[in-house]
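**Student:** Have a look at the structure that comes next, please.
The values are calculated or read from the model by the stated rules, or taken from the named source; none is laboratory data. Quick caveat, the model's predicted, so the values are computed rather than measured. Cβ placement follows ideal geometry from the backbone for every residue including glycine, while neighbour counts extend to all protein chains displayed. Just the protein is used for accessible areas: all its heavy atoms, side chains included, with ligands, DNA and RNA removed. Shrake-Rupley method; radii C 1.70, N 1.55, O 1.52, S 1.80 Å.
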Amino acid sequence: MKRRTFLLAGSGIAGALIVGWGVRPPRARLNAESAVMPLERGEVQLNGWLKISAEGIVTVAVPRAEMGQGVYTALPMLVAEELGCDWSQVRSEQAPVDAMYGNVEMFVDGLPFHPDEHGVKRKTAEWVVRKVGRDLGLMITGGSSSVKDAWGPMRTAGAAARDMLVQAAATRFRVPASECTTAKGWVVHGSGLKASFGELAGVAATLAPTLPVRVKDAKDFTLIGKSLPRLDARAKSTGAAEYGTDVRLPGMLYAAIRMAPVFGAGWTKFYANGAEGMPGVKAVLPVAPGLAGAQAGIAVIAETWWQAKKAVDVLEIVWEAKGGLDTASIFRDYRNAIDSGSAQTHFSRGKMGDALSLTVTEVHAEYRVPYLAHATMEPQNCTAQILDDGKVEVWVPTQAPSIAQWLAGKAAGVKTHDVTVHSTLLGGGFGRRLEMDMVVQAVELAKSAGGRPVQLIWSREEDTAHDMYRPAALASLSAGLDGAGNVVWWSAKSASGSVMHSMTARLGFTPMGPDKTNAEGLSGKVYEIPNVRIEHAQVKHAVPLGFWRSVGHSQNAFFSEHFLDELAARAGKDPLDYRRSLLKNHPRHLAVLNLAADKAGWGKPLPQGRARGIALHESFGSIVAQVAEVSIEDKKPRVHRVVCAIDCGMVVNPDIVAQQMESGIVFGLTAALFGEITIEAGAVKQKNFNDYDMLRLKDAPQVETYVVVSGALPGGVGEPATPPVAPAVANALLKLTGNPVRALPIRL
C-alpha cells in the first residue's frame with residue numbers, strides 16, 4: 001500500500017500540525033489534494049484533519065454542517081480521544097469543500113436491506129457503495145450519519161498524529177517510541193521526560209505515521225463516552241456564532257423576493273408601482289425558474305433587506321393561470337393508486353396465501369398524513385458575489401456544500417473549482433438545507449450587482465409557501481390474527497410522492513426505480529410476523545418534495561406502530577406484552593423496549609384521566625422506544641411526559657444524545673399535534689407561524705432519556721427520536737378514548 005504525506009505550509013520553531021495519510025482504497029478520504037485550513041503564524045498542514053498550535057491548541061476540521069446536533073463537539077472528540085489531548089485544548093473549525101471529507105456511510109445506509117438481512121449480498125453491495133461514495137466525495141450532512149461516517153477516518157487521523165508526535169518525542173528523549181505515551185497534550189516517558197504537543201509539532205510534521213495506524217480499544221477511552229461541554233456553546237450564547245443571515249461583507253447589498261404562489265407557474269407581467277424610486281432600492285429584477293427547483297419570481301436589490309422587502313410588497317405581479325391541484329384531489333389519486341394494484345413490493349416474507357387459512361380475525365385500517373414544511377427558524381438565505389476575475393464566492397448555511405459549489409458554478413457559468421463555498425452555522429436544517437434553490441437565485445442576482453455581494457433572504461411567508469415538503473401519504477394496513485390473537489400475516493399498501501425522484505429531477509437527472517424512503521419504517525420492521533408484504537405506489541404531483549427529519553420513517557412509524565396497538569386491542573392484550581412476544585429473537589430491540597417501559601412505570605397507576613402509550617422503532621442504525629403520558633384537556637391531547645430509551649451503539653457524548661432525543665421528540669410532537677400543509681388551487685394555504693403552528697414551551701412535555709449501553713458501532717441520533725413519538729401519543733389516546741387515530745395532525 002502506498003503512503004503519501006504532504007507538507008503544505010509551515011514555519012516557526014514550535015509550529016503547528018495538521019495530520020493526514022493515504023492508504024487506498026479508502027485513502028481518498030484521508031489525503032487532501034486541495035483542502036487547506038486557514039493557517040495562523042507557525043502552522044503546518046499535512047492535510048485538512050487537524051492542526052496544533054505552538055501553545056498546544058488542537059483545531060479539528062469538522063466536515064459536517066452544525067445545525068444544533070452537536071457535530072462541532074462530537075467529531076472533535078473522536079480526534080482528541082486518539083490524539084491524547086486535554087479537552088480544554090480542543091477547538092473546532094468548519095472544513096473546506098474537498099472530496100476527502102465526502103460522506104460515505106450516508107450512501108451505505110440508503111441501501112434497501114432489511115435490518116435482519118446479512119450475508120454476502122449485503123456485504124458486497126456495501127463494499128461497492130463505499131467505494132463509489134469515496135470516489136464521489138460529496139460533503140453532505142444527512143441521514144444521521146455524521147458520527148457513523150467519521151468514526152473510522154477521524155479516529156485514525158488522531159491516532160496518526162499521536163504516532164508522529166511520539167516519534168518526535170522519542171527522538172528528542174533518545175528512547176524507543178514504544179516507551180512513550182500521550183496524555184493531556186503531552187508526550188511522556190516513564191523516566192519522567194515529557195514534551196508538549198506544541199513543542200513537538202514542527203518536527204512531527206516532517207515525519208510519517210507508522211503503518212498500519214492503530215486506534216485505541218474501547219476499554220482505553222478517556223473522552224469518548226463522557227458528557228464533555230460543547231465547543232460551540234459559548235459562541236452561540238454570546239452571539240459571536242455566525243449564521244447565514246449574520247454574514248456581513250464590504251459593500252454588501254440585500255435582496256428580497258416574491259415567488260409564484262402556484263407550483264410551476266411563472267409571471268406574465270409585473271408593475272413596479274414606484275418600487276425603483278423607494279429608499280435604497282438598486283434594482284427590480286425578474287427571476288426565471290432555474291436549477292435546483294428555483295421558482296420564478298420578482299426580486300428587489302437594495303441597501304438593506306427591509307428596504308428590499310418593502311419594495312417587493314408594492315409590486316403588482318400577474319402570475320400565470322395554473323391551478324386545480326388541491327389536497328382532496330391528491331388523496332383521491334393516492335386512493336386510486338392503492339386500489340389499482342400498481343404498487344411495487346418493497347419487502348415480502350413467507351406465504352400470504354397459506355397464512356389466510358390460519359386467520360380467524362382480519363383487521364383493516366387506513367391512515368393518512370399531510371404535507372409538512374421544515375419551518376427552520378432561520379429562513380432560507382444565501383450571500384453570493386461575482387468577483388472581477390469571474391470567480392464566485394458563496395456564503396450559505398448548507399447541508400451539502402459540494403452540491404452548492406457545483407450548482408453555483410452552473411448558475412454563474414463557471415467551473416466548479418472556480419466557486420468558493422463558505423459554510424456558516426445553520427439556524428435549523430431538518431433536510432431543507434440540502435436544497436439549493438436559494439443558492440441559484442442568489443448567484444443569479446449577484447450577476448446584476450456589479451461585483452458587490454448580494455445577500456438574498458426569503459421572508460417567512462415565502463419560506464413556508466415554497467418549501468420542499470415532507471410528502472403527504474395514505475396507507476392501507478391489514479392483518480390476520482389467529483384464535484389466540486397472534487399476528488399471522490401483515491400487509492401494508494401506501495401511496496405518496498417520491499422524495500428521491502423529486503430531488504433527482506431538480507438536480508437535472510432522470511429519476512428511476514423505487515424510492516426506498518417511501519416504504520422505510522414499514523419495510524424495515526423487525527417484528528417476528530411470519531408472513532409480511534409491504535407495497536408502495538409512487539404518485540407524482542407538482543408539489544416539490546424534500547427530505548424531512550427522519551424522512552419516510554416519520555409517517556411509516558405512525559402507521560405501523562399505531563396499527564400494532566389496534567391489533568393488541570382487538571386481541572385483548574397489553575401493547576407492551578404484545579410487542580415483547582414479537583421480539584423473542586431481537587434482544588437489542590427488546591432491551592430498549594423494556595427499559596423505556598420500566599422507566600416510565602408501565603402498568604403503574606396514573607392520575608385520573610391520563611394514559612400511557614408505547615412505540616418502538618428502528619431508524620438510521622438506532623433503536624428507540626418511547627412511552628408518552630397523555631391526557632385530554634379542552635378536547636385536545638396534552639402530552640405531559642415522554643420517556644425515551646435508545647440503543648445507538650457506541651455513545652460519543654451522552655449529553656448530546658439526550659439533547660437530540662429531546663429535540664427530535666419536540667419536532668415530532670409539533671408535527672403530530674399541529675403540522676399540516678394544505679394545497680388550495682395549486683398553492684400552499686399556510687403562510688407563517690400563525691397558521692403553521694409550533695409546539696410552545698408551555699405545552700412541551702417532560703422528556704427523560706435513557707441510553708442502552710451497547711458495543712455496536714455508532715448509529716444516528718439526530719433523527720431516530722422523531723418517528724416513535726406520534727404513535728406513542730396516538731396509542732395513549734386509543735386507551736383513553738377507545739378510538740384509533742387515523743390521521744395526523746391529531747384532532748379529537
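**Student:** Go through Pro714, Pro720 for me and flag whichever is within 30 Å of Phe331 (Cα to Cα), open to solvent by less than 30 Å² (accessible area, probe 1.4 Å) and assigned to a loop (DSSP other than H, G, I, E, B).
**Tutor:** Pro720
**Student:** Limited to region 667-688, what total is found for residues that are part of a loop (DSSP other than H, G, I, E, B) and in contact with a helix residue (DSSP H, G or I) (Cβ under 7 Å, 6 or more places away or on another chain)?
**Tutor:** Looking only at that region, the number is 4.
**Student:** Also, I was wondering about something else. Of the residues in region 130-145, how many are open to solvent by 30 Å² or more (accessible area, probe 1.4 Å) and either part of a helix (DSSP H, G or I) or under 27 Å from His536 (Cα atoms) (or both)?
**Tutor:** Residues that pass the stated criteria total 6.
**Student:** For region 630-657, how many residues are open to solvent by 20 Å² or more (accessible area, probe 1.4 Å) and not aliphatic (A, V, I, L, M)?
**Tutor:** Total meeting the criteria: 10.
Per-residue answers, yes or no, for (1) of a type in the set (Asp, Glu); (2) in contact with a His (Cβ under 7 Å, 6 or more places away or on another chain); (3) crowded, with 21+ Cβ neighbours inside 10 Å; (4) within 30 Å of Val684 (Cα to Cα):
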site: Met512; (1), (2), (3), (4): no, no, no, yes
site: Ile529; (1), (2), (3), (4): no, no, no, no
site: His541; (1), (2), (3), (4): no, no, no, yes
site: Phe547; (1), (2), (3), (4): no, no, yes, yes
site: Ser550; (1), (2), (3), (4): no, no, yes, yes
site: Gln555; (1), (2), (3), (4): no, no, yes, yes
site: Phe559; (1), (2), (3), (4): no, no, yes, yes
site: Leu583; (1), (2), (3), (4): no, yes, no, no
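**Student:** So, one more: Would you pick out the residues in region 326-342 that are modelled with pLDDT under 95 and either open to solvent by less than 60 Å² (accessible area, probe 1.4 Å) or of a type outside the set (Ser, Thr, Tyr) (or both)?
**Tutor:** If the condition is that a residue be modelled with pLDDT under 95 and either open to solvent by less than 60 Å² (accessible area, probe 1.4 Å) or of a type outside the set (Ser, Thr, Tyr) (or both), then Gly341 is the only one that fits.
**Student:** Is it the case that some residue within region 698-706 is in contact (Cβ under 8 Å) with a residue 40 or more places away in the chain, in a loop (DSSP other than H, G, I, E, B) and open to solvent by 20 Å² or more (accessible area, probe 1.4 Å)?
**Tutor:** No: zero hits.
**Student:** Any chance you could count how many residues in region 343-365 are closer than 25 Å to Ala473 by Cβ, open to solvent by 70 Å² or more (accessible area, probe 1.4 Å) and over 31 Å from the mean Cα position of the chain (by Cα)?
**Tutor:** 2
**Student:** Also, I was wondering about something else. Tally time: how many residues in region 223-257 are open to solvent by 70 Å² or more (accessible area, probe 1.4 Å) and over 28 Å from the mean Cα position of the chain (by Cα)?
**Tutor:** 1
**Student:** I'd like the full set of residues that are among the basic types (Lys, Arg) and either open to solvent by less than 50 Å² (accessible area, probe 1.4 Å) or under 13 Å from Glu444 (Cβ atoms) (or both), limited to region 286-314.
**Tutor:** Residue satisfying the conditions is Lys309 alone.
**Student:** For region 379-409, which positions are in contact (Cβ under 8 Å) with a residue 24 or more places away in the chain, open to solvent by 10 Å² or more (accessible area, probe 1.4 Å) and part of a loop (DSSP other than H, G, I, E, B)?
**Tutor:** Answer for region 379-409, where residues must be in contact (Cβ under 8 Å) with a residue 24 or more places away in the chain, open to solvent by 10 Å² or more (accessible area, probe 1.4 Å) and part of a loop (DSSP other than H, G, I, E, B): Pro379, Leu387, Asp388, Gly390, Lys391.
**Student:** Can you find even one residue in region 94-103 that is buried (at least 24 other Cβ atoms within 10 Å of the Cβ) and modelled with pLDDT of 95 or more?
**Tutor:** yes
**Student:** Still on this structure: Which of the strands (runs of 3 or more DSSP E) contained wholly in region 252-306 include at least 2 residues that are without any contact (Cβ under 8 Å) to a residue 60 or more places away in the chain and touching a His at 6+ places or on another chain (Cβ under 7 Å)?
**Tutor:** Result: empty, no element qualifies.
**Student:** Taking the stated definitions as given, is Glu320 among the acidic types (Asp, Glu), open to solvent by 60 Å² or more (accessible area, probe 1.4 Å), in contact (Cβ under 8 Å) with a residue 40 or more places away in the chain and closer than 21 Å to Pro544 by Cα?
**Tutor:** yes
**Student:** A further question follows. Within the group Ala449, Ala412, which residue is out of contact with any Pro (no Cβ under 7 Å at 6 or more places or on another chain) and touching a residue at least 40 places away in the same chain (Cβ under 8 Å)?
**Tutor:** Every option except Ala449 fails the conditions.
**Student:** Specify the residue that is surrounded by the fewest Cβ atoms within 10 Å (Cβ to Cβ); the eligible residues are those in region 411-463 that are of a type in the set (S, T, N, Q) and part of a helix (DSSP H, G or I).
**Tutor:** The extreme case among them is Thr416.
**Student:** Counting only residues that are of a type in the set (A, V, I, L, M) and free of Cβ contacts under 8 Å to residues at least 12 places away in the same chain, how many does region 214-233 have?
**Tutor:** So the answer is 1.
**Student:** For the structure I just gave you, tell me whether Ala465 is among the small types (Gly, Ala, Ser) and touching a helix residue (DSSP H, G or I) at 6+ places or on another chain (Cβ under 9 Å).
**Tutor:** no
**Student:** May I pose another question? List, please: which pairs have Cβ atoms under 9 Å, are six or more places apart or on different chains, and start with a residue in region 579-590 that is among the hydrophobic types (A, V, I, L, M, F, W, C) and end with one that is outside any helix (DSSP H, G or I) and open to solvent by 40 Å² or more (accessible area, probe 1.4 Å)?
**Tutor:** Taking only residues 6 or more apart or on different chains, the pairs are Leu582/Asn486; Leu582/Glu528; Leu583/Glu528; Leu590/Lys584.
**Student:** Which number in (1) open to solvent by less than 10 Å² (accessible area, probe 1.4 Å); (2) part of a helix (DSSP H, G or I) marks the one condition that Glu66 misses?
**Tutor:** Here Glu66 clears every test but (2).
**Student:** Now, a different point. Just for helices (runs of 4 or more DSSP H) wholly inside region 485-596: which have at least 1 residues that are under 25 Å from the mean Cα position of the chain (by Cα)?
**Tutor:** Once the helices (runs of 4 or more DSSP H) in region 485-596 are filtered for at least 1 residues that are under 25 Å from the mean Cα position of the chain (by Cα), what remains is 499-506, 516-519, 553-571.
**Student:** Please work out which residue is farthest from Pro740 (Cα to Cα), limiting yourself to region 464-484 and to residues that are part of a loop (DSSP other than H, G, I, E, B) and of a type in the set (A, V, I, L, M).
**Tutor:** Ranking the candidates gives Met468 first.
**Student:** Go through region 146-205 and give me each residue that's surrounded by fewer than 18 Cβ atoms within 10 Å (Cβ to Cβ) and either assigned to a loop (DSSP other than H, G, I, E, B) or β-branched (Val, Ile, Thr) (or both).
**Tutor:** Gly152, Thr171, Arg174, Val175, Pro176, Thr181, Lys184, Gly190, Ser191, Gly192, Leu193 - these are the residues of region 146-205 that are surrounded by fewer than 18 Cβ atoms within 10 Å (Cβ to Cβ) and either assigned to a loop (DSSP other than H, G, I, E, B) or β-branched (Val, Ile, Thr) (or both).
**Student:** While we're on this one: Is there any pair linking a residue in region 645-670 that is closer than 24 Å to Phe221 by Cα to one that is assigned to a helix (DSSP H, G or I) and of a type in the set (Gly, Ala, Ser), with Cβ under 6 Å and at least six apart or on different chains, and which?
**Tutor:** Here the result reads Ala645/Ala596; Val652/Ala74; Asn653/Ala74; Ile656/Ala74, each pair linking region 645-670 to a residue that is assigned to a helix (DSSP H, G or I) and of a type in the set (Gly, Ala, Ser).
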